[in-house]
């Protein structure tokens, strides 16, 4: 049987993807994308996945790309199908994850004339895309199309983000041939020119220029290093462990920073929440160095915007967000290269800065544990129990809103790697991302989620690629618990529209999609369920933990009040 699309444009897209080492393609069913589907499904170098819901498919692909650190392509039919990719595209844009969006389209003469399943697809993602190209289906445009496709794929890798290739096809759509076309030009011209992405390929900083910053650093007695979301990296872990040997340096990390050290401040909100004006001024750094992705802690952002450092330097190869409104220099290299050069120019400085705040951290930890020892069964206590139960060396995926914020209050097992969609911080797609990441990772992945995020993305479970060792811990507090903690929503008469109360449970979904379901609603029952929850099974598992919606916020406020006493 013939197996490749007859359409040259579809084959051109296919062959460029192959030569640029796109290995995984997530396809959502449709007719207009038939030439692309036929080509990708039949090529021996491509692994394809079929996921019906385009929004879920895009987040699934994002999870795969997150773990593989390689681009993943998503393919859909024309019309509104493409728009469902947008949440994941925005997340990929801000999280710097390479996602190749390939959409089928009607040819130009059928746009806006009343033809079915047709919208204006050209440049539809213009605000959140690194590169967009609208291909042309005619013989005279083959070489131009080739250049545009090649450019899009290389930009996705070189700049770590999403690109959009819009591919118009006229009918017929299902014609096939036996072989791949031999185009009269080289598909893979200079293919590796932009694909290199290692430390050795970076241009080092000028030592004389760097010395000026080292002089400022060496003269300062209060230096703060703040790391946001970050993919686990052994070299960076070693470098930051060296940084804290300087007593004038304080390193602040977050749950999704994926670096650990006894002298790191890894529960930022716990540390700074009780501080008064005088203490904030003591904490205020002379120099702030930042790198990594988005910062979760709202409290640290508020602090550094009000008590700004004299110097804020950001380290990143591509961009420098002015998060604290005081950025004065951008080092356009990787943090690993920066520190490997900077260390040779720095000197330790006598200071009480680090010592004082490590001592404060230790006091906070005692207050934290003292409170939890007598805490009621609420979200806060559940997180303590769940985190203590996690096996070594798992990959931990988190949903947004309350979940990632609660985890900021706890020390994690250092062998655990943690991930969360913090680019746009949306609740949509968290489950789909976790499932995509779990498929690629193969080892055990545990996903902790809240109820609104879980039910919102319930189509994520409509997926034939879920590993049996995948685990979901669903904390069901009956709807949007974070809005009870925030002061604004409760002051209005529309709290139900913020909090979205419900009486849903996950059991019917588990029965429908083949998950083993367990439920717990008190501390003893929860510990009993967790005892064998991570063990091997013939199905993926979901544990639903029901917590009291009316007292979760009261307990959390009491926790923070306890830190002030």
In a helix (DSSP H, G or I), within 19 Å of the chain's Cα centre (by Cα) and closer than 27 Å to residue 274 by Cα - does that describe any residue in segment 372-383?
no
Of the residues in segment 315-343, those that are surrounded by 15 or more Cβ atoms within 10 Å (Cβ to Cβ) and within 20 Å of the chain's Cα centre (by Cα) come to 315, 316, 317, 320, 321, 323, 334, 335
The residue from 383, 371 that alone is crowded, with 18+ Cβ neighbours inside 10 Å, in contact with a helix residue (DSSP H, G or I) (Cβ under 7 Å, 6 or more places away or on another chain) and more than 22 Å from residue 427 (Cβ to Cβ) is 371
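Tell me whether segment 347-365 contains one or more residues that are within 19 Å of residue 556 (Cβ to Cβ) and not in a loop (DSSP other than H, G, I, E, B).
We begin by selecting, within segment 347-365, every residue within 19 Å of residue 556 (Cβ to Cβ); these are 364-365.
In the following step, the residues that additionally are not in a loop (DSSP other than H, G, I, E, B) were identified as 364-365.
Yes, that holds for at least one residue.
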Within segment 44-56, the count of residues that are free of Cβ contacts under 8 Å to residues at least 60 places away in the same chain and in contact with a helix residue (DSSP H, G or I) (Cβ under 8 Å, 6 or more places away or on another chain) comes to 4
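I need a count of the residues in segment 532-553 that are surrounded by fewer than 19 Cβ atoms within 10 Å (Cβ to Cβ) and in contact (Cβ under 8 Å) with a residue 24 or more places away in the chain. Full working, then the answer.
Restricting attention to segment 532-553, the residues satisfying the condition of being surrounded by fewer than 19 Cβ atoms within 10 Å (Cβ to Cβ) are 532, 534-539, 548, 550-551.
Those left that are additionally in contact (Cβ under 8 Å) with a residue 24 or more places away in the chain: 534, 536-539, 548, 551.
Within segment 532-553, residues that are surrounded by fewer than 19 Cβ atoms within 10 Å (Cβ to Cβ) and in contact (Cβ under 8 Å) with a residue 24 or more places away in the chain number 7.
May I ask you to list the residues in segment 421-446 that are more than 22 Å from residue 533 (Cα to Cα) and in contact (Cβ under 8 Å) with a residue 40 or more places away in the chain?
421, 422, 423, 424, 425, 426, 428, 429 - these are the residues of segment 421-446 that are more than 22 Å from residue 533 (Cα to Cα) and in contact (Cβ under 8 Å) with a residue 40 or more places away in the chain.
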Filter segment 454-482 for residues that are outside any loop (DSSP other than H, G, I, E, B) and closer than 21 Å to residue 526 by Cα; the one that is farthest from the chain's Cα centre (by Cα) is 476
Heads up, the strands (runs of 3 or more DSSP E) in segment 1-113 (entirely inside) with at least 2 residues that are in the same structural domain as residue 427 (by TED's automatic domain parsing) and under 28 Å from the mean Cα position of the chain (by Cα) are none
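Regarding residue 449, is this residue within 24 Å of residue 529 (Cα to Cα), crowded, with 24+ Cβ neighbours inside 10 Å and either out of contact with any strand residue (DSSP E or B) (no Cβ under 9 Å at 6 or more places or on another chain) or at pLDDT 95 or above (or both)?
Working: within 24 Å of residue 529 (Cα to Cα): yes; crowded, with 24+ Cβ neighbours inside 10 Å: yes; either out of contact with any strand residue (DSSP E or B) (no Cβ under 9 Å at 6 or more places or on another chain) or at pLDDT 95 or above (or both): yes.
Yes; evaluated as a whole, the condition is true for this residue.
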Of those in segment 521-530 that are over 28 Å from the mean Cα position of the chain (by Cα) and touching a residue at least 24 places away in the same chain (Cβ under 8 Å), the residue farthest from residue 504 (Cα to Cα) is 527
Residue hits (segment 175-208; modelled with pLDDT of 85 or more and surrounded by fewer than 11 Cβ atoms within 10 Å (Cβ to Cβ)) are 178, 179, 182, 203, 206, 208
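The values are calculated or read from the model by the stated rules, or taken from the named source; none is laboratory data. Keep in mind that this is a model prediction, so the values were computed, not measured. So basically every Cβ, Gly included, is an ideal-geometry build from the backbone, and we count neighbours across all protein chains shown.
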